[in-house]
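Presented below is the structure to which this report refers.
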Amino acid sequence: MKKRVLVLTGGGDCPGLNAVIRAIVKRANQQKDWEVVGSINAFDGVLNEPNEVVVLDDKKVAGIHVNGGTIIGTTNKGGPLAWPVRDSQGNWSTVDRSDELIRRLQYLGVDAVINIGGDGSQRISQVLFEKGLNIIGVPKTIDNDLSSTDYTFGFQTAVEVATDAVDKLVTTAASHNRVLILEVMGRYAGWIALHSAIAGGAEVCLLPEIPYDIHKVYEKLQRRINKGRGFAIIVIAEGAKPKDGIFSYQDNDEVGYQNKKLGGAGNRLMEDLKQFDLGVDIRITNLGHIQRGGSPCAFDRVLATQFGVAAFEMILDGKFGHMVAYEHTNIVAVPIKEAIEKYHYVDLSSQLIKTARGLDMSLGD
């Protein structure tokens, strides 16, 4: 009987997920005693009744590395540690189904699990590993906010999308003598904002790591705009906030969604800037989910493929409880516990920050 590795994709979707799945299947096929199965919509496929677990073979994964999204679906709601349930009065609560999950995996003949996901998914991986599950983590997030890896796949594609948006905003801002604000994703880390601002030549970049002074932002814009003739581009991360202010959250009543929903940072900045007389119009563009859709760029395809091959080889080596990571061009294994220990913020002493300041880009401080 063949050994089984179960693959799942959890959290938000991300360019490169299919490339990982394909790489795992192609590497596993070289071991004649292994087969790969996929759980539909993260662990939901195992926990649903009837279960939704599908065989992943060469035919299923042929050519999928160029496609965005994930052929086995994903979800960022609930999960085995906080499964949403509704009582007879219609009230929602959560229950821990992790022990049941492990029993179901044993029943399905699963010998190892590869969990492809971000910070939340890897926290689930760590709990399941501590309960005895043979599990490997693969880091996935456009936010690049997982520590212990220099990059996560999906990030570079998101930066390409955001940079393209900056490029397009420049021409319309110049034509109309406007200040245009671009709000990008990233949650509490400013990686997408900083990279796209430098690549696109923005005048202002506001990050979660640096609470901004609205007066400093105004001063930069005032120097840029001369008596209403001129334009400026501001890139703001969704997690950016003013000094002595709070993050901008959106109301969210989605059942099972654990994270607070960020959004509105760009609108708040626009309204705050309107109190000053800049002499030009101000507009806001929110890229939203455009950043996480579409085909992965070449860098993300290569990185995701490396992660997939390495993840299966870690199973062969018995390195359970570890996550694959990118470290100075090398693919390495790091303990999942170490990877989720701290959040991967932009280092304010880094060369990237120094580069932004060297370009006279305002970071709002």
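Nothing in this text is a laboratory measurement; each read-out follows from the coordinates by a stated rule. Computed from a predicted model, the values in this text were never measured in an experiment. All Cβ positions, glycine included, derive from the backbone under ideal geometry; neighbour counts span all protein chains shown.
When VAL138, VAL85, VAL179 are arranged by Cβ crowding within 10 Å, least crowded first, meaning fewest neighbours, the order is VAL85, VAL179, VAL138. Annotation: amide H-H contacts under 5 Å for ALA232 (H modelled 1.01 Å from N, sequence separation of 5 or more, or interchain): ARG178, VAL179, LEU180. Between ASN226 and ASP281, the modelled labels are 2.4 nm apart [label points 7 Å from Cα along Cα→Cβ]. Only one residue of GLY264, PHE276, ILE214 has its Cα farthest out toward the positive end of the dipole of region 155-293, where Lys and Arg carry +1 and Asp and Glu -1 on Cβ, and that residue is PHE276.
When the charge dipole of region 129-260 is built from unit charges on Cβ atoms (+1 for Lys and Arg, -1 for Asp and Glu) and taken about the Cα centre, the candidate among MET185, GLY239, ILE225 whose Cα reaches farthest toward its positive end is ILE225. Computed from point charges on the beta carbon alone (+1 for Lys and Arg, -1 for Asp and Glu), the dipole magnitude for region 216-365 about its Cα centre is near 660 Debye.
In region 271-365, the C-alpha radius of gyration followed by the widest Cα-Cα span (Dmax) gives 20.5, 64 angstrom.
Which shape class, rounded, prolate or oblate, goes with region 46-129 when its Cα gyration tensor gives a ≥ b ≥ c as root eigenvalues, a/c under 1.5 marks rounded, and past that a/b bigger than b/c marks prolate? Prolate is the answer for region 46-129, as a/c is 1.5 or above and a/b outweighs b/c.
Each of MET1, MET314, MET323, MET361 was scored by other Cβ atoms within 10 Å of its Cβ. Listed from fewest to most, they are MET1, MET361, MET314, MET323. Note on THR171 and SER350: with the Förster distance fixed at 22 Å, the Cβ-Cβ geometry gives a FRET efficiency of about 0.10.
Once you sort the root eigenvalues of the Cα gyration tensor of region 34-74 as a ≥ b ≥ c, which label holds: rounded (a/c under 1.5), prolate (a/b larger than b/c) or oblate (the other case)? It comes out oblate by the Cα gyration axes. Inter-label distance, ALA62 to VAL95: 4.3 nm, where each label sits 7 Å from its Cα along the C-beta direction. Taking the average, over residues, of other Cβ atoms within 10 Å as the packing measure, peptides 342-349, 286-293, 182-189 rank 182-189, 286-293, 342-349 from highest down.
Across region 97-195 the C-alpha pair distances fall into 5 Å bins from zero in the proportions 2, 12, 17, 15, 11, 10, 10, 7, 5, 4, 3, 2, 1 percent. Panel note: the C-alpha atoms of the chain, placed on their principal axes, show extents of 77, 52, 34 Å (largest first).
The HN-Hα couplings worked out from phi for region 231-247 by the Karplus form 6.51 cos²θ - 1.76 cosθ + 1.60 (θ = phi - 60°) are 8, 7, 10, 10, 9, 10, 6, 4, x, 6, 8, x, 4, 6, x, 10, 5 Hz, whole numbers, x standing for Gly and Pro. When only alpha carbons are used to place a centre, region 51-86 and region 13-48 end up 8 Å from one another. Here the residues ASP99, ASP145, ASP244, ranked from fewest to most Cβ neighbours within 10 Å of their Cβ, fall in the order ASP244, ASP99, ASP145.
Using Cβ point charges alone (K and R +1, D and E -1), the dipole size of the chain about the Cα centre works out to roughly 480 debye. In units of the compact-protein estimate 2.2 N^0.38 Å, region 311-357 shows a Cα radius of gyration of 1.55.
Sorted largest first, the principal axis extents computed over the alpha-carbon atoms of region 1-91 equal 52, 33, 18 Å. Only helices enter this figure: runs of n ≥ 4 DSSP H residues, each worth -39500 (n - 2.57), summed and divided by the residues of the chain, yield -10000 deg cm²/dmol at 222 nm to the nearest 500. Using Cβ point charges alone (K and R +1, D and E -1), the dipole size of region 160-209 about the Cα centre works out to roughly 120 debye.
Pairs exceeding 18 Å between alpha-carbon atoms, taken from LYS3/LYS59; LYS243/LYS354; LYS3/LYS140; LYS216/LYS241; LYS243/LYS342; LYS26/LYS319: LYS3/LYS59; LYS243/LYS354; LYS3/LYS140; LYS243/LYS342; LYS26/LYS319.
Taking every DSSP bridge with both residues inside the chain, close to 35 percent are antiparallel. Entry for region 155-293 at q = 0.12 Å⁻¹: log10 I(q)/I(0) = -0.44, Debye formula applied to identical alpha-carbon scatterers, no solvent contribution.
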